[in-house]
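Read through the structure below, which is laid out as structure tokens, and then see the notes.
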Amino acid sequence: MPKITVGLDIGYSSIKVVSLSKEKEQFKLVSLGSIPSPQPGLFSDTDADLEALATSINKLFSASKIDTKEVVVALPESRVFTRVIDDLPYLTDNELTSAIRYAAEEFIPMSLAEVNLNWQVLFRSQAKTTNAKTVVLVIASPKRIVAKYIKILQMANLRPRALETETIAATRSLVGNNPFSPGTLIMQMGATTTDFTAVSKGLIWLTRSISTGGMTLTRSLAQHFNFEVSQAEQYKKIYGLMEDQLGGKVFEALKPIVDIIAGEGKRVIQAFETKSLHDPIKRVVLSGGGAKMPGLVIYLANILGLEVQEADPWFPIIKDQGSIARLAQEAPSYSIAVGLALREED
Ligand SMILES: Nc1ncnc2c1ncn2[C@@H]1O[C@H](COP(=O)(O)OP(=O)(O)OP(=O)(O)O)[C@@H](O)[C@H]1O
Ligand SMILES: [Mg+2]
């Protein structure tokens, strides 16, 4: 029996699941699915609301015919503290541990006892030369948030095989660890947030999360036209940023919000490129449900002056010929779930 891996992405607007099998060093799609998240869902901390999430997860697993109990889950970037520390000299492993704890105290707004600290060495000079250095990606996950996710899984009778961040998962599925891929900015547009990840040589160098996302766009339309939220949601999906539709009125209502998101993207690119270590950012990959907005790819390409493409997490995965067209429609929504299922280590 080939090994089955399952990635579970619990979003504020929908829950996505992907299961893959690994055969001869290649991942193959076994199953996928999504279900709307119950509200208030992850916004709440009460047992009743978390139970509702667990029930939806169980429904999704049955509908997708997944009976694997071990899953890989992601914490939202907005809830964790991620930082690249690049001003360390050459350090041994032991020295590194204490240097990271020391540095973490500066960028984490809570005590170290309240977080799980993880890190990944991005670069370490060979020897103790004068300008030798160590660069590490540090992730601090508040224990309270981790406990909440584990609780939801327990309620759903599932076990976490691993827990990582959404940006790590999306980077794995959209860029991989290919050292030859060009400098890439991943823009992950969910319902509640947009997350930015600058990736160079397969490694994450900078992340940022802002609380402007798909819901902000819908709300802006609803206000502008005095629509119900559901109607605004439809208009957003049908007309989006198409300037020639409805006399450009939808475009005008959405533009200021999209410009906030694009502006943040620009700042992330600038911040990344002022560090001399890297290649410049050559392309932008648009991911998350918001990536499907009509006209967005072209609009961002013009504003950012870069190649912009819609995320395709299915690209490296073997799938039935017959399902390719259907998978393409929803592709950007599955970047995180696919990335989680692609995780090999426990
Ligand atoms: N065709 C479309 N055009 C514009 N927006 C879309 C389209 N399809 C989905 N969206 C938007 O994408 C958002 C949902 O995306 P996604 O499923 O990535 O979010 P989520 O994971 O549930 O939320 P979060 O990541 O914030 O927890 C919603 O705001 C929805 O309106
Ligand atoms: Mg999401």
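The values are calculated or read from the model by the stated rules, or taken from the named source; none is laboratory data. What you see is a predicted model; the values in this text were computed from it and never measured. Don't worry about glycine lacking a Cβ; one is built from the backbone with ideal geometry, like all the others, and counts go over all protein chains shown.
What to note about this one:
- Residue in segment 297-308 that is modelled with pLDDT of 95 or more and in a loop (DSSP other than H, G, I, E, B) present: yes
- Listed here are the strands (runs of 3 or more DSSP E) enclosed by segment 156-260 that have at least 1 residues being free of Cβ contacts under 8 Å to residues at least 60 places away in the same chain and surrounded by fewer than 22 Cβ atoms within 10 Å (Cβ to Cβ): 203-210.
- Test: residue in segment 189-197 that is more than 10 Å from ligand 1 (Cβ to nearest atom), at pLDDT 95 or above and closer than 18 Å to ALA271 by Cα: yes
- Of everything in segment 19-33 that is polar (S, T, N, Q) and farther than 16 Å from SER62 by Cβ, the residue that is farthest from ligand 2 (Cβ to nearest atom) is GLN26.
- Selection status of ARG79, within 16 Å of ligand 2 (Cβ to nearest atom) and touching a residue at least 24 places away in the same chain (Cβ under 8 Å): yes
- Among the candidates LYS65, LYS16, residue that is touching a strand residue (DSSP E or B) at 6+ places or on another chain (Cβ under 7 Å), more than 16 Å from ligand 2 (Cβ to nearest atom), under 28 Å from LEU327 (Cα atoms) and modelled with pLDDT of 95 or more: LYS65
- Among the candidates ILE269, ILE317, ILE238, ILE324, the residue that is within 28 Å of ASP86 (Cβ to Cβ), aliphatic (A, V, I, L, M) and away from ligand 2 (no atom under 16 Å from the Cβ) is uniquely ILE269.
- Once segment 322-346 is narrowed to residues that are surrounded by 10 or more Cβ atoms within 10 Å (Cβ to Cβ) and of a type in the set (Asp, Glu), the residue that is farthest from ILE168 (Cα to Cα) is GLU330.
- When residues in segment 269-301 are screened for being free of Cβ contacts under 8 Å to residues at least 60 places away in the same chain, in contact with a strand residue (DSSP E or B) (Cβ under 9 Å, 6 or more places away or on another chain) and away from ligand 1 (no atom under 16 Å from the Cβ), 2 of them pass.
- The residues of segment 133-165 that are within 28 Å of LYS59 (Cα to Cα) and among the hydroxyl-bearing types (Ser, Thr, Tyr), listed by number, are TYR149, THR165.
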